[in-house]
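First up is the structure itself, then whatever we jot down about it.
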Amino acid sequence: MIDWPTRTLGELVDEGGGFIRTGPFGSQLHQSDYVDDPNGVPVVMPKDMTHGRVDCSTIARIDRDTADRLSHHLLEEGDIVLSRRGDVGRSAWIGPEDVPVLCGTGSIRVHPGMPTAVHSEYLRYFFRSRLAIDYLEGQAVGATMPNLNAGIVTGMPVPIIPLTLQMIAAETLRSIDDLIENNRRRVEVLEEMARATYREWFVHFRYPGHEDVPLVDSPVGPIPDGWEVGVLGDLAELDRRNIQPSKCPTEAFDHYSIPAFDDGQRPAIDLGATIKSGKYLLSSPAVLVSKLNPRIDRVWLAAPVNERRSVTSTEFLILRPRKRSSLEHLYLLTRSTEFRDALTALSGGTSGSHQRAKPSDFLDLPALMPPAGLIDQLVIAVGGQLQLIRTLRWQSVELGALRDLLLPRLVTGQIDVSHLDLDALTEAATA
């Protein structure tokens, strides 16, 4: 293995004519400057940095006039933004589709400049390596809220492999990320197709053969004749088998947690020694519904694999269908807007960020019980779509593991990329 030389990030950026700069101060960007306009200019905060890219799902925005006033903080294609406080290991690379976008108050901008000694895309992945994250976390100041400044980032040591190897390393890792992104987009389309079917059949009552079924009065309003009004407990039961993973410290578990859900619904692979609290055992496919902050749509159609035991956070309620339902029906029911509103209404807590649904109340939520034959038809209609969604997500898990395995070796030049068969690796990862 070649021991490549290192240079500081500041030296590399200066050589390329770039700079390292913190985002605007709070006195420059006020809460009143943010707007609800979906066409406003996004402002990248640490929470918006996901998998090395900007996640605009909950991003704050400002109007064009405010962006023009802070124009020297507008990011350019090829820039990297870092989290300046809190989770200082976060970063995001700015692609052409991201601009215009502003560096937020909690972020630091790295503008690499011309690629004289380092490529922007190489830095994109270098910042996601443990080498970079360990440095930033180790240098951050503040015990309660770790903080970075431009000086710390400027002094970061960067291994300098030849520019051609930098590009090959970046292209290799980007190709894996592209496969994961393609899977994500396919999942979005399939999810919407399945949810649209549920809405048509079980909300608007436009299911196959509905023309011949009259509506009758019920405690919840008109419903098709032959349907019944019950509670969720008539359709599902809770699984609460407990396990203490810490008692198996060397065993690897698939860990279904709230952070894992928010990270793309990819269960983390954690050793028992690192899972300190008790969990629920997940031994077969189930619907996981978060009881924490139920206003946030966190419903997981989980399908554990045989290679490892699976555990879930106790913040999830594990639902298994009774005879009057199915996994597909339960999943789409608990993801429906009507169910989400009812669950949110019964949840309590000390603040909006710590609301929880009680399991007993959860099972008492009203639910319509359609004829068994219609549930069978739903399984036929959407079962293949939901199965493909699970397959694509598991492929993304394996691709992510492959990328994370290759990343530190590629960005430090430990792998001879000229002999790397990426097609064979990705095929094995998704088999």
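From the list Gly413, Gly383, Gly400, the one residue that fits, being surrounded by 14 or more Cβ atoms within 10 Å (Cβ to Cβ) and on the phi > 0 side of the Ramachandran plot, is Gly413.
Set side by side, the residues Glu328, Glu307 differ, and just one is assigned by TED's automatic domain parsing to the domain that holds Tyr256, under 26 Å from Gly384 (Cα atoms) and modelled with pLDDT under 90, which is Glu307. Do we find that Gly230 is at pLDDT below 95, surrounded by 11 or more Cβ atoms within 10 Å (Cβ to Cβ) and either over 31 Å from the mean Cα position of the chain (by Cα) or part of a strand (DSSP E or B) (or both) in this structure? In short, yes. Of the residues contained in region 412-425, none is found to be at pLDDT 90 or above and assigned to a loop (DSSP other than H, G, I, E, B). Would you check if Gly151 is free of Cβ contacts under 8 Å to residues at least 12 places away in the same chain and of a type in the set (Gly, Ala, Ser)? So Gly151 passes the test.
Within region 46-80, being of a type in the set (Val, Ile, Thr) and farther than 20 Å from Leu123 by Cα holds for Thr58, Ile59, Ile62, Thr66.
Pairs meeting the criteria (first residue in region 407-422 and among the basic types (Lys, Arg), second residue at pLDDT 70 or above and surrounded by 15 or more Cβ atoms within 10 Å (Cβ to Cβ), beta carbons under 8 Å, at least 6 apart or on different chains) are Arg409/Ile415.
The number of residues in region 364-390 that are at pLDDT 90 or above, out of contact with any Asp or Glu (no Cβ under 7 Å at 6 or more places or on another chain) and part of a helix (DSSP H, G or I) comes to 11. Name the single residue that is farthest from Trp227 (Cα to Cα) among those in region 376-401 being β-branched (Val, Ile, Thr) and touching a strand residue (DSSP E or B) at 6+ places or on another chain (Cβ under 9 Å). Only one residue fits best here, namely Val397.
What residue, among those in region 233-251 that are in contact (Cβ under 8 Å) with a residue 60 or more places away in the chain and among the hydrophobic types (A, V, I, L, M, F, W, C), is surrounded by the fewest Cβ atoms within 10 Å (Cβ to Cβ)?
Leu238
Here's a check for you: in region 40-97, which residue that is polar (S, T, N, Q) and over 23 Å from Pro112 (Cα atoms) is surrounded by the most Cβ atoms within 10 Å (Cβ to Cβ)? My answer is Thr66. When region 193-220 is filtered for residues that are free of Cβ contacts under 8 Å to residues at least 60 places away in the same chain, among the hydrophobic types (A, V, I, L, M, F, W, C) and not in a loop (DSSP other than H, G, I, E, B), the ones remaining, listed by number, are Ala196, Leu215, Val216. The helices (runs of 4 or more DSSP H) located wholly in region 252-355 that include 1 or more residues which are among the aliphatic types (A, V, I, L, M), without any contact (Cβ under 8 Å) to a residue 24 or more places away in the chain and surrounded by 15 or more Cβ atoms within 10 Å (Cβ to Cβ) occupy 258-262.
The values are calculated or read from the model by the stated rules, or taken from the named source; none is laboratory data. As the structure is a prediction and not an experimental result, all values here were calculated from the model. Note: ideal-geometry Cβ built from the backbone for every residue, glycine included; neighbour counts use all protein chains shown.
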